[in-house]
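Heads up, the thing below is written out as structure tokens.
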Amino acid sequence: MELTEARQIIARLRFSDTDDKRQSPLFGIDGRLQTSMLYKLLKSNRSQPDAKAKFIWSSSTPPRVQFFGWLLISDKIQSRVNLQKRKVLEEATCELCQHQPETSLHLLFWCPAAANFWRRLGFLVPSDFDVGELHHLSRPPHIPALHFETFCAAVLLAVVEATEWCCLPRRRGNSDPTTAKLQS
């Protein structure tokens with residue numbers, strides 16, 4: 001179906017031998033993108049920064065963890081449900097519990113293994129919790145407020161590592177995570 005649509009779009013395209021002249025205030029006279037202009041445009045918004053973005057991008061974590069956090073709160077990680085939507089997988093049931101569809105929320109919070117993880121850390125994840133509200137998780141009383149952001153960063157790093165170790169090798173066609181990690 002997608003291939004047919006792509007072919008139809010390509011068939012409607014008209015090409016010419018003339019130079020492509022795109023116009024945008026973000027391009028300089030030489031036709032190159034002026035990143036300083038783009039930066040100024042992005043910073044020109046006087047409103048408060050998005051709390052979700054601030055939580056992820058200002059954390060003291062490696063860039064790959066920040067990126068994973070952003071994908072997580074944007075519901076773009078490679079959960080089985082998202083892969084099924086893209087027609088990569090036919091089945092979306094969680095590989096760990098075999099009971100629920102594997103959404104980002106299920107994989108990281110509601111699957112029994114994940115729920116146990118959060119419980120052991122002292123987090124009380126509300127039943128109506130949404131991944132996009134990750135920055136609103138309540139601080140467990142045993143974690144000092146001064147260190148909560150660092151603790152959250154460490155937890156997010158652990159989640160990234162666990163996700164890479166447990167789930168992603170199977171998605172690459174290797175059912176044994178121990179050998180898949182060695183091969184990557």
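Let's see how each residue does on (1) free of Cβ contacts under 8 Å to residues at least 24 places away in the same chain; (2) touching a Leu at 6+ places or on another chain (Cβ under 9 Å); (3) in a loop (DSSP other than H, G, I, E, B):
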site: 65; (1), (2), (3): no, yes, no
site: 77; (1), (2), (3): no, yes, yes
site: 98; (1), (2), (3): yes, no, yes
site: 107; (1), (2), (3): no, yes, no
site: 120; (1), (2), (3): yes, no, no
site: 141; (1), (2), (3): yes, no, yes
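Residues that are part of a loop (DSSP other than H, G, I, E, B) and at pLDDT below 75 within segment 28-40 comprise 31, 34, listed in sequence order.
Check 129, 148 and return the single one that is surrounded by 13 or more Cβ atoms within 10 Å (Cβ to Cβ), in a loop (DSSP other than H, G, I, E, B) and either among the small types (Gly, Ala, Ser) or modelled with pLDDT under 85 (or both). 129 is the lone residue from the list that is surrounded by 13 or more Cβ atoms within 10 Å (Cβ to Cβ), in a loop (DSSP other than H, G, I, E, B) and either among the small types (Gly, Ala, Ser) or modelled with pLDDT under 85 (or both). Does segment 18-27 include one or more residues that are at pLDDT 75 or above and surrounded by 11 or more Cβ atoms within 10 Å (Cβ to Cβ)? Looking through segment 18-27, at least one residue is at pLDDT 75 or above and surrounded by 11 or more Cβ atoms within 10 Å (Cβ to Cβ). For segment 41-49, the count of residues that are loosely packed, with under 10 Cβ neighbours inside 10 Å, at pLDDT 80 or above and among the small types (Gly, Ala, Ser) is zero.
Restrict the check to segment 88-100 and report whether at least one residue is closer than 22 Å to residue 59 by Cα, among the aliphatic types (A, V, I, L, M), surrounded by 15 or more Cβ atoms within 10 Å (Cβ to Cβ) and touching an Asp or Glu at 6+ places or on another chain (Cβ under 9 Å). Looking through segment 88-100, none of the residues is closer than 22 Å to residue 59 by Cα, among the aliphatic types (A, V, I, L, M), surrounded by 15 or more Cβ atoms within 10 Å (Cβ to Cβ) and touching an Asp or Glu at 6+ places or on another chain (Cβ under 9 Å). Scanning segment 79-91 for residues that are in contact with a Ser or Thr (Cβ under 6 Å, 6 or more places away or on another chain) and in a helix (DSSP H, G or I) returns a single hit, 81.
The values are calculated or read from the model by the stated rules, or taken from the named source; none is laboratory data. Nothing here was measured: the structure is a model prediction, and the numbers come from that model. Glycine gets a Cβ as well: all are built from the backbone with ideal geometry, and neighbour counts include every protein chain shown.
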